Structure formats: structure tokens, C-alpha cells
Amino acid sequence: MARGVARLREAGCMVERTEVLDRVELRFAGSDAERAADINALATLDILPDIALATRGGYGVGRLLARLNYGALRERLHDAPLALVGHSDFTALQLALHAMSGLCTFSGPLLADLGAEARSESTWRQFWATLTSPATNVAWSSRTEADLDLHGPLWGGNLAVLCSLLGTPYFPTIEGGILFVEDVCESPYRIERMLYQLHQSGVLARQQALLLGNFSQCEPGSRDNGYNLAAAFAQIRAVAGIPLIDGLPHGHAGQQLTLPFGAPARLRVDGHAARLQVSGYPHLDGVVWVSGAENP
């Protein structure tokens, strides 16, 4: 955390509220009331920050959702150039803010990622390039061969967190979307079971495509007898009725993309070459990122 703060300051950022890094209650970064107040404060600050960055993931956001002032957050943040950024358990906050307040946030690196001992330069560059531009582009090579040109809202995040909010008022109803998922430390059968939950609840049928990000440390167990992630994804492809495109370089591995949650997107796949273009999201006005430069 200290290394992440230092890197942001070296890049010219003014970093505030670092006192929360020392706040601990059980496994959480403070009490539920304190953590919810951190989020609700964004509705009442006279001057908003440019970026509100989650420190780390894990578990705990679900405990806060009923404590948030969604009306006030919507009124204050809807047209504000504020980037709320994080991933992993932060997915729960993204889902709730979109469902209850219509806000666009960012699935991106945590402070812990920016402070990793070996910083991912591609993560760092794409983080600033996305937040300081009205549009972003991601290209990758997929093992899936397809011919697609789709338009729809981009949304998603951690698969387990997505499934944990199904059936609640905090899960948004998104039609014609481009859904991306990733996860860590889940067995292949658990990945398949969660994807089946999205399928059988009708979520996948309402989407145009499912993008598969990194599923790190998701190895088969001793009883799986050759059943692995590839087998799990093949099964979902057979029943979902929508394209599954793998290889999105985003998740709990060494690299994170910064992806606008809820923004209009275009997905093109030509053979094995996939390209995602996203625009129409809040970005930092007056801040310019020069590729290859150290300072935003």
C-alpha cells in the first residue's frame, strides 16, 4: 500500500485519506459504518477527487450495500468526472451503484496492484490512458475463432461476486450487454456452476457476448479426471446461446485492464483477433497522458 501511494505521488498525484490504510476491524478496513461513510462522503464533498481508488479486494462490500445513499450519490456523481476504480470484491459496489444510481465506474487496478513489488507497466499505462481519454481500445488474441461485430453496454467483474448478488435489488438488469468475467482460486466445477447460475437465471440470454478474462489458480482437483476450465467453458458454450470469447487480459493475474463499467462498447472479433472499443464514460478533463511518459 505504501509503495502504491509513493508511486502515485511520484507521478504527480495528490493522495489523500491515507489514514484508512491503518484502519482495521476483524478482517475489514474498519467497521461497516466507517466503510459505508467513506463511500457516502462522495455525495457531500465540496470538491470531488479525480479518482477514488479501492485499496484491495477480498470480502466485505456486500455488508455495506444497504447502508449507501444511492439517491444522493446519483445526484452528486452522475455527471461528475470522477473515476471510481477497483476490481475483485469492488464488483459488488459497481453492480449496486449501476443498478441503484445508474453510475458508470471502472473495473481496474487496486492500490495494492499499483503498489506491487513488480509493477505491471501495461496496467499502469492503460490505467492512465483510459482515465484521461474519452475512449479506450483493447486488443487481444483469443483461442476462440469468431466473426462478430457487436454493440452494447460493457459490464461485469468478478464471477463469484456477480453471482452473490443475483436476485437482489443490487444486480442490474442489462439488456444486450457485453459481459466480462474473471476469478481466482476457484475449481473448474465451481466456475461452471456459477456460469450455469448466470445462464439459468436468464442473465446470459440477455447479453450479446460473454468475455472470459483471467481465471488464475483455478486448477482441476484430484477427482476431476481431466475435467478442467476448457471443459467447463465448452459446456457453457454449448448451452448459453451466445458467443464466449476468451483471452481478455484482465483479472487477478499480473495484469489488469481499466474497463468502464456500464459504458457503450463495440466488440469486434475477426478470426482470433478480438478488439474492444469503449467510449462515453466519465474521464479526467484537463489531464493529459503522454504514452511512455512517467507523469500524468
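Among 187-195, 228-236, 135-143, 17-25, sorting by the average number of other beta carbon atoms lying within 10 angstrom of each residue, highest first, gives 187-195, 228-236, 135-143, 17-25. With the simple spin-label model, which puts each label point 7 Å out from Cα in the Cβ direction, the Arg63 to Glu25 separation comes to 0.7 nm.
Within segment 1-104, which chymotrypsin sites (Phe, Trp or Tyr not before Pro) sit in a loop by DSSP and count at most 14 neighbouring Cβ atoms inside 10 Å? Mind dumping the intermediate values first?
Working: sites: Phe28, Tyr59, Tyr70, Phe90; in loops: Tyr59.
Passing both the DSSP loop test and the Cβ count: Tyr59.
Convex hull of alpha carbon positions in segment 2-134: directionally averaged projected area 8.0 nm².
Taking label positions 7 Å along the Cα-Cβ direction at both Ala118 and Ala230, the computed distance is 2.6 nm, reported to one decimal.
Mind putting a number on the dipole of segment 79-210 about its Cα centre? Charges go on the C-beta only, +1 for Lys and Arg and -1 for Asp and Glu, and I need it in Debye to the nearest 20. Mind dumping the intermediate values first?
On the way: 6 positive and 13 negative charges, 31 e Å.
Roughly 140 debye for segment 79-210.
The charge dipole of the chain, taken about its Cα centre with unit charges on the Cβ of Lys, Arg, Asp and Glu (plus for the first two, minus for the last two), comes to roughly 340 debye. Using 0.36 nm per residue and subtracting the Cα-Cα separation, the extra length available between Asp147 and Asp46 on full extension is 31.5 nm. Computed about the Cα centre, the dipole magnitude for segment 153-233 is approximately 160 debye when only Lys and Arg (+1) and Asp and Glu (-1) carry charge, each at its Cβ.
When volume of the Cα convex hull per residue in Å³ is computed from the coordinates, the matching label among [x] 136; [y] 485; [z] 150 is [x]. Helix content alone sets the calculated 222 nm mean residue ellipticity of the chain: runs of n ≥ 4 DSSP H residues at -39500 (n - 2.57) each, divided across all residues, give -8000 deg cm²/dmol.
Dividing the mean sequence gap of close Cα pairs (under 8 Å, 6+ apart) by how many residues segment 136-279 holds gives a relative contact order of 39 percent.
Placing unit charges on each Cβ (+1 for Lys and Arg, -1 for Asp and Glu) gives segment 1-101 a dipole about its Cα centre, and among Leu97, Thr55, Gly71 the Cα reaching farthest toward its positive end belongs to Thr55.
In the chain, with Lys and Arg counted as +1 and Asp and Glu as -1 at Cβ, which of these residues, Gly108, Leu179, Ala135, has the Cα nearest the positive end of the dipole, that is, farthest along it? So the residue we want is Leu179. A simple packing score, the average count of other Cβ atoms within 10 Å per residue, orders the peptides 238-248, 257-267, 274-284 as 257-267, 274-284, 238-248, with the highest score first.
Of the residues Leu8, Ala36, Leu26, the one whose Cα sits farthest toward the positive end of the charge dipole of segment 1-40, with +1 on the Cβ of Lys and Arg and -1 on the Cβ of Asp and Glu, is Leu8.
For His272 and Val15, FRET efficiency with R0 = 45 Å and r from the beta-carbon atoms, rounded to 0.05? It would help to have the intermediate numbers written out before the result.
Working: r = 41 Å, r/R0 = 0.90.
Rounded to the nearest 0.05, the efficiency is 0.65.
Between Glu175 and Asn137, the modelled label-to-label distance comes to 3.2 nm, taking each label 7 Å out from Cα in the direction of the beta carbon.
Bear in mind that the values in this text are calculations on the coordinates, not laboratory data. Predicted model, so just to flag it, every value in this text is computed and none were measured. Glycine gets a Cβ as well: all are built from the backbone with ideal geometry, and neighbour counts include every protein chain shown.
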